[in-house]
Amino acid sequence: LVRARVVAGDPHLAAGFNAVRAAVLARPRDPAALRQEVVDMRDKMRAHLAPKDPLAVDLKHSPGGLVDIEFLVQYLTLAHAATQPALTTWPDNVRLLDTLAQSGVLSAADADALKAAYLALRARGHRQALAHADRLLAPDELGAEREVVQAIWRRLMA
């Protein structure tokens, strides 16, 4: 629901959807329980979708990949939207990271680092999709970006 958005249709229906979306996102949640649910879901996804070769790096599912950033953004949004209503405004990761920083939920440095990593990984993913290539990276490729994501994940989700 954090990423849900209306892309076409009746404006009144869109307004109604956006109101329901904001109300559901803004429900108070137990941050510790939510954190554990997010960590468990991420672990489950990684077990099924990450490369089995320990040397292979998938830009989406390996540690520090796109999915880690998306899960962090979703966790922080759901954990704080009850007290920070601006977090219900945007459905995309880049603007959500900006809003998380503006609201003080996330430091500006962490938000900028996550945004830079997200944009670098996403750009690489787009190039690979256009080339009909798989999502695998060389082990050292985008390593600094992936390490920053892993460090922030450990700090916020451990």
- line: Sorting Ala19, Pro51, Tyr75 by the position of each Cα along the dipole of the range 1-76 (Lys, Arg +1; Asp, Glu -1; all at Cβ), the one nearest the positive end of that ordering is Ala19
Model label zone, Leu136; criterion: amide N under 12 Å from point 7 Å along Cα-to-beta-carbon; scope the range 31-54: 51-54
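What whole-number value in Å² describes the accessible area per residue of the range 64-158 for a 1.4 Å probe? Mind showing how you got there, number by number?
Numbers: 4420 Å² over 95 residues.
Roughly 46 Å² per residue, with all protein chains present.
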statement: Helix 66-80: inclination vs the chain longest Cα principal axis, degrees, rounded to 10, gives 30
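What full-extension length gain, to one decimal in nm, is calculated for Ser103 and Met41 as 0.36 nm per residue of separation minus the Cα-Cα distance? Let's see the in-between values first.
On the way: separation 62, 0.36 × 62 = 22.32 nm, distance 2.63 nm.
That works out to 19.7 nm of additional length.
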- request: Using Cα positions and a limit of under 18 Å, work out the lysines in reach of Lys115, with same-chain residues fewer than 8 apart set aside.
  value: Lys60
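Sorting check: for 126-139, 88-101, 38-51, which peptide has the highest mean count of neighbouring beta carbons within 10 Å, and how do the rest follow? Write out the running numbers ahead of the final one.
On the way: 126-139: 11.8, 88-101: 19.1, 38-51: 13.4.
Ranked from most to least packed, the peptides come out as 88-101, 38-51, 126-139.
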query: Using heavy-atom solvent-accessible surface (probe 1.4 Å) with all chains present, what is the largest-first order of Lys52, Lys60, Lys115?
result: Lys52, Lys60, Lys115
- request: Please report, in debye to the nearest 20, how large the charge dipole of the chain is about its Cα centre when each Lys and Arg carries +1 at its beta carbon and each Asp and Glu carries -1 there.
  value: 260
query: With all protein chains present, how much of the accessible area of the chain (probe radius 1.4 Å) comes from carbon and sulfur, to the nearest whole percent?
result: 60
task: Using 0.36 nm per residue of separation minus the Cα-Cα distance, give me the extension gain between Asp53 and Thr89 in nm, one decimal.
output: 9.0 nm
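How high is the relative contact order of the chain? Use alpha-carbon pairs under 8 Å, at least six apart in sequence, and give a whole percent. Each step should come with its number before you reach the end.
Values: 164 pairs, mean separation 42.8, N = 158.
Computed over the chain, the figure is 27 percent.
The values are calculated or read from the model by the stated rules, or taken from the named source; none is laboratory data. A quick note: this is a predicted structure, and the numbers were derived from the prediction, not measured. Using ideal geometry, Cβ is built from the backbone for each residue, glycine included, and neighbour counts are taken over all protein chains shown. The area values use the complete protein model at the heavy-atom level, side chains included, leaving out ligands, DNA and RNA. Shrake-Rupley method; radii C 1.70, N 1.55, O 1.52, S 1.80 Å.
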